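First the structure, in the form of structure tokens, and then the observations on it.
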């Protein structure tokens, strides 16, 4: 099964990550999340804490971070829940990486709207730059994954790289983004179409036109 | 009490019942995979769809829907039929068609229900999904491609076994059931997931490819691995018992059985004593029955000591007592010497089912998880369902649930800490469980009784004083007088000329160096090594026997197979020996023996709970010292049958001693 969970060798990760603890900065953030839930319900913060742990691992390895088994166990004991329950959460969501990733985690949406709008070209752009689905480039820069719909259908096709979305892509813009990232430059985030503002329609509004410049009460028109 | 109509039949159902339960009460069969009476409701297999009015015009999962007043439920409409066929077809999309090589074949819910409710053919033409096998321990064999993800095993592990080590990882098509990182399930109850699995994904490893269910002779029996008295069914073929499965008995084992109960049966065919032996010049030599009897006759003085082992049935103990006299009887092999003047003071009075209702439980030197796993699940239930609070005195051990440890100092019994006294004072149904780990210390019994009196553990309609035994023969033995004043040490000090050891393998035989030792038992274990004469007897599967479990419940098991070789049923051995000694016993059949036994101890003649009343003996309540440890060091090797069982040895080395068992390359 292509999408099945594969985790790296346990003994190796235990040797490397066995002593993982939250750094003071991350611990402070973690306690904020836990504090949002009533006492005794701290397990509700598991997703936030797994994300924080992954980010800390990312900081320590200069990558986007991943969740080695001892880190998952650390989060579990931090919240007083069984390892298995935390492990289930970590394997369920694609936002948690169960194997090391590169500095840039490129997540391409290949679901229907993006596919119709040309996600195949985006995948080709990645491929021509040496990115392989499910793998990391030898220089450790890019990890490529195909994911399901990320809710940017109005500006399809799109990719998510680390915490940013890049939308309205085509082959050239995708290649440019990857080059920029590789050179250490920050490409423009969001839609790549010149003249488009967020996900508003091309060429100006087609509905609610009276509201473009100022607020308008439509109720009298009904 | 809502009234509902099921297929035109109006019935009243208890409030809180589900639609599925209502249908069952109306006598309708509802197919299901994920629903199980003793587990929480998951509602994920969708097989139990029915049509309900009022409600949305679509089939609804009956297992997760409460029955309400005026519901009209249909289980026989075309919509329901079509819905079931649809669900079945989806379930079978990824299920392999490997029934001929699957151990579940013949007792498979999926097989049965696809015949009854399926379409007959699949329209699925793509490739099926395949899942790698998972390691779940030495007892559970997995073929996860067959899994339909009902999550019964996950819920069982969490809710009954109390170990949250089984779960579903991944999502969607890639979801897989597995143990945490594929480590073995650390539970004494792991074998139950095999019974729970509605398909062949989890099957029994030791029983793999042994037999088909229709080849087996099924005999109701009683388990002797611990004192719970699990009701079991022995499945045998020819002369061998191939497996033991639990029978449903809500008062005792619900429908669970511990791993020892299930998987020690392969020990019944190993290291068996199949002919009499006599010790000549320090060596045991095979002999005939007559020679063996003659050797005993030479030492017969008209009386003998009898030491009963942990797994003996009441018939054997009664026959031995009838022959040897009742002045020197002892069943507490390891040297316990607690007072037995009142049977109610050494009984599990709350009853196994009753402990579920306790709200505060104090464990004194009892490692329930190993000593009585199925009592442990009841306490687990008391905590989960009724929020019971558990305190314990003794060395800290993992009981699978949250326990407030009060240290291992016994003085906590007499000078109870405030948390405990407060809890006991405010409790409605407080209970104390005194285990063998504490009973061996002088004064503990008295101190526990004093505590029970102080906090009124025995009150109207509730008896919270419990002693936890872990030998199947114990309560029966105590009822038959197998308790010598001062225990085994005092008995040995009287240095009897002749002693019968009934399957007693835990006895310190150095105490009996001047005694002529006759071992009557079924396995060549410790007892046989020290015997002067060995008389080969029958194991629990080979005789019809009466057993009394730890709560005083008299139960009878039947014979599944015959004893091997020259071995005979134990009571018949004593009957024959009595002939040879010229003191013929007055019974020639089991029935006659049982009639005699019922005359001597009337409670043993009636199946069911024996009533001991409630009386407290006056005992010294002075305690000091600490509870050093628990009596059971290795759960899997507690008696001669398990020690002879390869499966139990494997479990012990892997689960207790943590050695990796390497599979031979296939």
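To the nearest 0.05, what FRET efficiency results for residue B:81 and residue A:28 with a Förster distance of 56 Å applied to their C-beta separation?
Given R0 = 56 Å and the Cβ-Cβ separation, E is 0.40.
Under the rule a/c < 1.5 gives rounded, and otherwise a/b versus b/c splits prolate from oblate, where does the protein assembly as shown land using the Cα gyration tensor?
prolate
In percent, what relative contact order does chain A have, based on Cα pairs under 8 Å that are 6 or more apart in sequence?
Reported as a whole number, the value is 14 percent.
Counting only DSSP beta bridges with both residues in segment B:362-462, what percent are antiparallel, rounded to the nearest 5?
Of those bridges, close to 10 percent are antiparallel.
Which order do peptides B:600-613, A:86-99, B:412-425 fall in by mean Cβ count within 10 Å, highest first?
So the order, starting with the most tightly packed, is A:86-99, B:412-425, B:600-613.
Using a Gaussian network model of chain A whose springs link C-alpha atoms within less than 10 Å, name the residue from A:43, A:186, A:54 with the highest mean-square fluctuation.
Looking only at A:43, A:186, A:54, the biggest GNM fluctuation is shown by A:186.
Measure nothing but the geometry: give the 0 to 90° angle between the long axis through the Cα atoms of A:46-61 and the longest principal axis through the Cα atoms of chain A, rounded to 10°.
So the inclination is approximately 80 degrees.
Give me the percent relative contact order of segment B:100-181, please, defined on Cα pairs under 8 angstrom at least 6 residues apart.
19 percent
What share of the DSSP beta bridges in chain A is antiparallel, in percent to the nearest 5?
Once the DSSP bridges in chain A are tallied, antiparallel ones form about 45 percent.
May I ask for the distance between the Cα centers of segment A:95-147 and segment B:369-400, given as a whole number of Å?
Cα centres, segment A:95-147 to segment B:369-400: 50 Å.
Mind checking the angle between helix B:373-386 and chain B's longest principal axis? C-alpha axes, 0 to 90 degrees, to the nearest 10.
For helix B:373-386, the angle is close to 50 degrees.
Grab the DSSP H runs of chain B that are 4 residues or longer, score each as -39,500 (n - 2.57), total them, divide by all residues and round the 222 nm result to the nearest 500 deg cm²/dmol.
Calculated at 222 nm, the ellipticity per residue is -6500 deg cm²/dmol.
Between residue B:64 and residue B:624, what is the label-to-label distance in nm when each label sits 7 Å out along the Cα-to-Cβ direction?
6.2 nm
Rounded to the nearest 0.05, what FRET efficiency do residue A:48 and residue B:428 give with R0 = 41 Å and r taken as the Cβ-Cβ distance? Could you check? Don't jump to the answer; show the numbers that get you there.
On the way: r = 41 Å, r/R0 = 0.99.
Plugging the Cβ-Cβ distance into 1/(1 + (r/R0)^6) gives 0.50.
Taking every residue in B:170-177, how many Cβ atoms of other protein chains lie within 10 Å of its Cβ, on average? Don't jump to the answer; show the numbers that get you there.
Details: counts 8, 7, 3, 4, 7, 6, 4, 0.
Other-chain Cβ atoms within 10 Å of each residue's Cβ, averaged: 5.
Just checking the output field for B:156-169: average partner chain Cβ neighbours within 10 Å of each residue's Cβ?
Mean shielding count: 3.
State the extension gain, in nm to one decimal, for the chain segment bounded by residue B:489 and residue B:460, taking 0.36 nm per residue of separation less the distance between their alpha-carbons.
6.5 nm
Of all DSSP beta bridges in chain B, what percent run antiparallel (nearest 5)?
60 percent
How high is the FRET efficiency between residue B:297 and residue B:616 when r is their beta carbon distance and R₀ equals 51 Å, given to the nearest 0.05?
Details: r = 45 Å, r/R0 = 0.89.
Given R0 = 51 Å and the Cβ-Cβ separation, E is 0.65.
Just to be sure I understand the model, the point goes 7 Å from the Cα along the line to the Cβ. What's the resulting residue A:10 to residue B:398 distance in nm?
Taking the two extended label points, one gets 1.3 nm.
When ranked by the protection proxy of mean other Cβ atoms within 10 Å per residue, highest first, what sequence do the peptides B:237-247, B:579-589 form?
Details: B:237-247: 18.4, B:579-589: 14.0.
Answer by packing, highest mean first, reads B:237-247, B:579-589.
Any chance you could run the full-extension gain for residue A:212 through residue A:148? It's 0.36 nm times the residue separation minus the Cα-Cα distance, nm to one decimal.
Going from the current span to full extension adds 19.7 nm.
If I take every Cα pair under 8 Å that is 6 or more residues apart in chain B, average their sequence separation and divide by the length, what percent do I get for the relative contact order?
Once normalised by length, the contact order is 14 percent.
Give me the extension gain from residue B:288 to residue B:122: residue separation times 0.36 nm, minus the current Cα-Cα distance, reported in nm with one decimal.
Length gained between residue B:288 and residue B:122: 53.2 nm.
Once both axes come from the Cα atoms, what is the angle between helix A:171-183 and the longest principal axis of chain A, in degrees from 0 to 90, rounded to 10?
For A:171-183 against chain A, the angle is about 40 degrees.
Given the DSSP H assignment, sum -39500 (n - 2.57) over each helix run of at least 4 residues in chain A and divide by its residue total; what's the result at 222 nm in deg cm²/dmol, nearest 500? Before the final figure, lay out the partial values.
On the way: 8 runs with 85 residues, N = 222.
Estimated from H runs of four or more residues: -11500 deg cm²/dmol.
Throughout, read-outs are computed from the coordinates displayed, never taken from laboratory work. The model shown is predicted, which means the values in this text are computed figures rather than measured ones. In this analysis, Cβ positions are derived from the backbone assuming ideal geometry, glycine residues included, and neighbour counts consider all displayed protein chains.
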